[in-house]
1. Being surrounded by fewer than 17 Cβ atoms within 10 Å (Cβ to Cβ) and more than 29 Å from H184 (Cβ to Cβ) is the requirement here; does G244 meet it?
2. Filter region 62-102 down to the residues that are surrounded by 16 or more Cβ atoms within 10 Å (Cβ to Cβ) and among the β-branched types (V, I, T) and list them by number.
3. Just checking, does region 332-349 include any residue being within 16 Å of the chain's Cα centre (by Cα), on the phi < 0 side of the Ramachandran plot and surrounded by 17 or more Cβ atoms within 10 Å (Cβ to Cβ)?
4. For region 130-145, enumerate the residues that are surrounded by fewer than 18 Cβ atoms within 10 Å (Cβ to Cβ) and assigned to a loop (DSSP other than H, G, I, E, B).
5. From the list G295, G242, G252, which residue is outside any strand (DSSP E or B), closer than 23 Å to Y160 by Cβ and free of Cβ contacts under 8 Å to residues at least 40 places away in the same chain?
6. Can you pull out the residues in region 61-74 that are closer than 24 Å to Q353 by Cα and either free of Cβ contacts under 8 Å to residues at least 60 places away in the same chain or among the polar types (S, T, N, Q) (or both)?
7. Which one is surrounded by the most Cβ atoms within 10 Å (Cβ to Cβ), of the residues in region 200-212 that are touching a Phe, Trp or Tyr at 6+ places or on another chain (Cβ under 9 Å) and not aliphatic (A, V, I, L, M)?
Amino acid sequence: MAGTIGSRFLVLIAGMVLCCAGASADWVFNTIHEFSGADGREPYCGLTRDGDTLYGMTRGGGANSYGVAFRMDSDGSDYAVLRSFAGATGGYPSARLLLDGTTLYGTAQGGGPLNGGTVFSMGTDGSAYTVLHGFGASGDSRRPMGGVVSDGQTLYGMTYYDGRNIYGSVYRVDTDGSDYTVLHLVGNTSTELRLPYGELVLNGTTLYGGMSRGGSTGLNEGGLFSISTDGTYYTELHLFDGSGADGGVMFGSPILHNGKLYGLTSQGGDADVGVAFRMNTDGSDFELLHEFAGGGNDGASPWGDLVVEGGRLWGCTMYGGDSNQGTVFVMDLDGGNYELVHEFAGGAGDGAQPYTMALCPGGSQLCGTTRFGGASNYGTVFTILVPEPGSLALLALGLAGLALRGRRK
């Protein structure tokens, strides 16, 4: 009798805690900014955080229609345009900013002195904007479709193509703009990976990245590669074949977690709408974690990156869900327990076609951007709150578990 009363008491307390914590014991989704044009539009770029401040860029909008760099608080307040790109010094950014102290480093895929895009730096208040390198010279490539990574003194990145039988490059440049060097230039051949997309992963003296097309198999589905920071030891690690047992066409960036590379492709898998995968850094033990199926119960065509939070993988798909406007999903590191967190519907109050995600302040808040949606259909910024260990929601779940165990005795 005493055990039954105790169990009922625990269930009651658990219910009260859940009510206080909100309707969901797992996560809370919020749209915190809807772009209107003057403040930017179509944020293809991921977000960068510094404490409670988020930094990002949009591909269009602003005073000159070349896009903007912006900052805002992680609750959506204090939004400010740091820079409206003007074209001559860069335009149409489509990558994440890199924060180092009080300096932001980034890329713009268009504009610049040679109209091939730029690598730039500026202060976190938008001041001291400096073009570190303008792409497009003879023997160079152009159109950086991803941001940069840094070892403290040197920035590393990739360019997409330049239309002159050059299909991308891996480059480095010092943070003051000196010593620009092409580490690897991709030629006009279907027997090599080409058209790099996304950002590099730096691990010691090795860089890892993805290319969206090419490959020595001749299947033109892209793959992953590694290269040393001095440009030596370029290696194709995995070549996608686009089949039901593999991915195809990677538009995001790989991530490195516990010695393994994880990533997403926009094609491949049984439904040919993308996969999530992982493999060793030498290319061995490639495995599919999830094959996207689209429709109302799954996502389709992911273009962004994965994020590890709480020991699980989080990501976005551009399409799929009930409205076919994209999804946010979560799954275990081995692909188990896959579930949809949010299905975008577009329109006022919600985004459409999410691009990528990032961790936010405290590690328990995820943030991301959508290309479209919002009242003006110019894109949004959203957050997802994931309860931390010890939160009210998890306490409620623990109390409920104790109650159930008590009932079984």
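1. yes
2. V68, V81, T89
3. Our first condition is that a residue be within 16 Å of the chain's Cα centre (by Cα); within region 332-349, this holds for none.
Among the residues of region 332-349, not one is within 16 Å of the chain's Cα centre (by Cα), on the phi < 0 side of the Ramachandran plot and surrounded by 17 or more Cβ atoms within 10 Å (Cβ to Cβ), which makes the answer no.
4. Step one: filter region 130-145 for residues surrounded by fewer than 18 Cβ atoms within 10 Å (Cβ to Cβ), giving 130-131, 137-139.
Answer for region 130-145, where residues must be surrounded by fewer than 18 Cβ atoms within 10 Å (Cβ to Cβ) and assigned to a loop (DSSP other than H, G, I, E, B): A137, S138, G139.
5. Numbers: G295 fails: closer than 23 Å to Y160 by Cβ; G252 fails: free of Cβ contacts under 8 Å to residues at least 40 places away in the same chain.
Among G295, G242, G252, only G242 is outside any strand (DSSP E or B), closer than 23 Å to Y160 by Cβ and free of Cβ contacts under 8 Å to residues at least 40 places away in the same chain.
6. Taking region 61-74 and keeping what is closer than 24 Å to Q353 by Cα, we get 61-62, 65-74.
Residues satisfying the conditions are G62, S65, Y66, G67, V68, A69, F70, R71, D73, S74.
7. Initially, region 200-212 is screened for residues touching a Phe, Trp or Tyr at 6+ places or on another chain (Cβ under 9 Å), giving 200-202, 206-212.
From what's left, not aliphatic (A, V, I, L, M): 206, 208-210, 212.
Details: T206: 16, Y208: 21, G209: 27, G210: 31, S212: 25.
The selected residue is G210.
This table checks each residue for (1) assigned by TED's automatic domain parsing to the domain that holds Q365; (2) in contact with an Asp or Glu (Cβ under 9 Å, 6 or more places away or on another chain); (3) over 30 Å from V330 (Cα atoms); (4) assigned to a loop (DSSP other than H, G, I, E, B).
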{"position": "T31", "(1), (2), (3), (4)": "yes, yes, no, no"}
{"position": "L54", "(1), (2), (3), (4)": "yes, yes, no, no"}
{"position": "N64", "(1), (2), (3), (4)": "yes, no, yes, yes"}
{"position": "M72", "(1), (2), (3), (4)": "yes, yes, no, no"}
{"position": "P113", "(1), (2), (3), (4)": "no, no, yes, yes"}
{"position": "G126", "(1), (2), (3), (4)": "no, no, yes, yes"}
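The values are calculated or read from the model by the stated rules, or taken from the named source; none is laboratory data. These numbers come from a predicted model, not from an experiment. In this analysis, Cβ positions are derived from the backbone assuming ideal geometry, glycine residues included, and neighbour counts consider all displayed protein chains.
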